[in-house]
1. Give me the residue from region 4-16 that is assigned to a loop (DSSP other than H, G, I, E, B) and surrounded by 15 or more Cβ atoms within 10 Å (Cβ to Cβ) and, out of that set, modelled with the highest pLDDT.
2. Looking at GLU133, GLU152, which one is at negative phi, of a type in the set (D, E, K, R) and open to solvent by less than 60 Å² (accessible area, probe 1.4 Å)?
3. Report, by residue number, each residue of region 26-65 that is open to solvent by less than 30 Å² (accessible area, probe 1.4 Å), touching a residue at least 60 places away in the same chain (Cβ under 8 Å) and over 21 Å from CYS193 (Cβ atoms).
4. Please verify whether region 36-46 includes one or more residues that are among the aliphatic types (A, V, I, L, M), modelled with pLDDT of 95 or more and part of a helix (DSSP H, G or I).
5. With respect to the numbered conditions (1) outside any loop (DSSP other than H, G, I, E, B); (2) at pLDDT below 95, which one is the sole condition not fulfilled by LEU80?
6. From (1) free of Cβ contacts under 8 Å to residues at least 40 places away in the same chain; (2) part of a loop (DSSP other than H, G, I, E, B), pick out the condition that doesn't hold for ARG21.
7. Could you please find all residues in region 77-121 being open to solvent by 10 Å² or more (accessible area, probe 1.4 Å) and in contact with a His (Cβ under 7 Å, 6 or more places away or on another chain)?
Amino acid sequence: MTIPSASTLPCEAIDGHAAFRHLSSIEGIAVELRYATTDNFVGRDLYNPLDCAWLHRDAAAALEQAVAWLARQRPAYRLLILDALRPQRVQEQLWEALQGTDLLGYIAEPVRGSIHSFGMALDLTIIDEAGRELDMGTAFDDLSERSQPALETVMLELGELTLAQCDNRHLLRNAMLLAGFYGINSEWWHFDCGDRQHVRRTYTRVL
């Protein structure tokens with residue numbers, strides 16, 4: 001398989017690498033990596049024994065900006081990280097898991113690669129002071145039309161989403177966009193740090 005990126009690094013070698021920061025070094029967040037559990041659309045732990053609680057240092061710095069913004073706007077709220085670094089080998093497992101379904105559009109083809117595999121993408125939500133996730137209208141990894149930011153106006157008009165749910169999504173988006181992340185049309189929880197093509201050309205892909 002040809003992987004078009006500047007360089008690659010095995011996940012096992014990431015600890016101590018200058019380009020990456022562990023999520024434990026970022027204050028003000030909570031972490032619950034769903035692909036390290038069975039609570040995901042595949043229904044199995046995809047990460048064990050790998051430690052995937054990492055981000056590229058550029059994405060980590062941007063996340064700190066989002067944390068600071070949210071702390072100013074809603075002091076009782078925190079960002080909950082649901083997925084960060086996703087090694088190439090796991091991306092390939094997800095791709096295989098969706099073969100024969102109409103959901104392949106939700107997963108980046110392994111040859112092209114997910115921005116998660118560069119440590120430059122995040123899946124996340126917001127939790128309140130009691131640690132409860134804000135109601136975003138769907139759960140993480142709900143691959144339905146109600147999860148798509150591009151369809152929120154339509155879903156609101158149809159009664160499939162409420163104004164409160166949309167407001168919660170807007171709060172999350174504002175925190176991320178103001179920190180330099182970009183959302184996507186199909187998943188309210190996913191954000192890329194920087195231009196995808198630039199990331200694929202210049203950043204290190206974790207295998």
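The values are calculated or read from the model by the stated rules, or taken from the named source; none is laboratory data. Predicted model, so just to flag it, every value in this text is computed and none were measured. Positions of Cβ are generated from backbone atoms using ideal geometry, with glycine treated the same way; all protein chains shown enter the neighbour counts. SASA here: full protein model, heavy atoms, side chains in, ligands and nucleic acids out. Shrake-Rupley method; radii C 1.70, N 1.55, O 1.52, S 1.80 Å.
1. Keep residues of region 4-16 that are assigned to a loop (DSSP other than H, G, I, E, B), which gives 4-6, 10, 14-16.
Imposing the further condition that a residue be surrounded by 15 or more Cβ atoms within 10 Å (Cβ to Cβ) reduces the set to 5, 14.
Working: SER5: 60, ILE14: 97.
In this case the residue turns out to be ILE14.
2. Result of the check over GLU133, GLU152: GLU152.
3. Once the filter is applied, which keeps residues that are open to solvent by less than 30 Å² (accessible area, probe 1.4 Å), touching a residue at least 60 places away in the same chain (Cβ under 8 Å) and over 21 Å from CYS193 (Cβ atoms), region 26-65 yields only ASN40.
4. yes
5. (2)
6. (2)
7. ARG86
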